[in-house]
Amino acid sequence: MALKSKHLLGLEGVTREEITEILDTAATFKEILQRPIPKVPTLRGKTVVNLFYEDSTRTRISFELAEKRLSADTVNFSASGSSVKKGESLRDTVRNIAAMKIDMVIVRHRSAGVPLFLTKCIDASVINAGDGMHEHPTQALLDMMTLREKYGTLDGLKVAIIGDISHSRVAGSNMRGLKTMGAEVLVCGPQTLMPRDIETFGVGVCHSVDEAIGWADALNVLRIQLERQDAGLFPSLREYHNEYGITRRRLEKAGRDLTVMHPGPINRGVELENDLADSEFSVILDQVTNGVAVRMAVLYLLSGAEEAVS
């Protein structure tokens, strides 16, 4: 099954059937990744440009690995070493790259709406790797894949998203995707880090982390994004950890098997107790592994490739 759009700009409007297709395809690719030679010729002859205007470690490496595992030709672009530093506009940069006959663009940018803008400038498929505080669809997809692997289904699953909701594109995509897939979603954080329009997402809202832990099956814990915040949204990092940090004591008090997730990078000792990311509660490294499989699936489904993935 092909996706309805040739682009993946976000999970808003993406159907349950399409998300299921992506997750099922990712499961197939994950099996391929476990082979002695984890590579298939599915995208041989396709050229993919990684267009990153923001720093990235996990997402960029994950997309690059996904492209290489599919045998695509990969071109990496970094704004810091490009003509952008000489004043070249985004539109001119992208149109010049497109003139080199590319098939797909992976874009990360600090401004919301840039992936949509690119679709109006070029014919290549565009995949959003994070745009401002808007969406980060492949992160939400790999989060959903990780939860589906552990629980078997997303229907009725209770997921609490905890932390800096206002500034998180991960929260935006997860709320949309999880709701589409039948999960119950609760967001938890300080009032100052909660979007004013949070009710429009159809999720529950609370400001007590203990209440959220008591309700949830899984916790998706977000990084405090100091680079996107105005000063004074909370007293201090120490105070934030005391009020909203996820600790072993809090999890054990719940008295049941809880799952801890994090999109990374982790501020240890702030949103998560120092060793909790490495504990029996954590599926964080599973998220990283699933990220490659999900991005392989998205690239494959948007490429129009007809070759079997097996």
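Read-outs: derived from the displayed coordinates by stated rules, not from any lab. Values in this document were obtained by computation on a predicted structure and should not be read as measured data. Cβ atoms come from the backbone with ideal geometry, glycine included; neighbour counts cover every protein chain shown.
Below is a table of values for the structure above.
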| item | result |
| --- | --- |
| Radius ratio Rg over Rh of segment 149-308, counting only Cα atoms, Kirkwood formula for Rh | 0.98 |
| Neighbourhood charge, 15 Å Cβ-Cβ cut-off, centred on P38 and excluding it, Lys, Arg +1 and Asp, Glu -1 | +3 |
| For segment 48-53, 3J(HN,Hα) per residue [Karplus equation, 6.51 cos²θ - 1.76 cosθ + 1.60, θ = phi - 60°, Hz, x = Gly/Pro] | 10, 9, 9, 10, 10, 9 |
| Helical segments meeting 27 Å axial Cα length and Kyte-Doolittle -0.5 threshold in the chain (DSSP H) | 284-303 |
| Summed side-chain charge close to V221 - residues other than V221 whose Cβ falls under 11 Å, Lys, Arg +1, Asp, Glu -1 | -2 |
| Over the chain, equivalent-ellipsoid semi-axes from the Cα gyration tensor in Å | 32, 23, 17 |
| Per-pair calculated FRET efficiency, R0 = 35 Å: R110 and S279 via Cβ, rounded to 0.05 | 0.60 |
| Estimated FRET transfer efficiency when R0 is 45 angstrom, pair E239-D155 (beta carbons, to 0.05) | 0.75 |
| Dipole in debye (nearest 20) - the chain, about Cα centre, beta carbon charges: Lys, Arg +1; Asp, Glu -1 | 820 |
| Per-residue HN-Hα couplings for segment 253-269 [Karplus 6.51, -1.76, 1.60; θ = phi - 60°; Hz; x = Gly/Pro] | 5, 5, x, 8, 6, 10, 10, 10, 10, 7, x, x, x, 8, 8, 5, x |
| P(r), alpha carbons of segment 103-219 - 5 Å bins starting at zero, rounded % | 2, 11, 20, 21, 18, 13, 8, 4, 1, 0 |
| Distant-in-sequence amide H partners of V260 (H built 1.01 Å from N, under 5 Å) | L219, S282, V283 |
| Cβ-based net charge around S279, under 11 Å, with every Lys or Arg adding one and every Asp or Glu removing one | -4 |
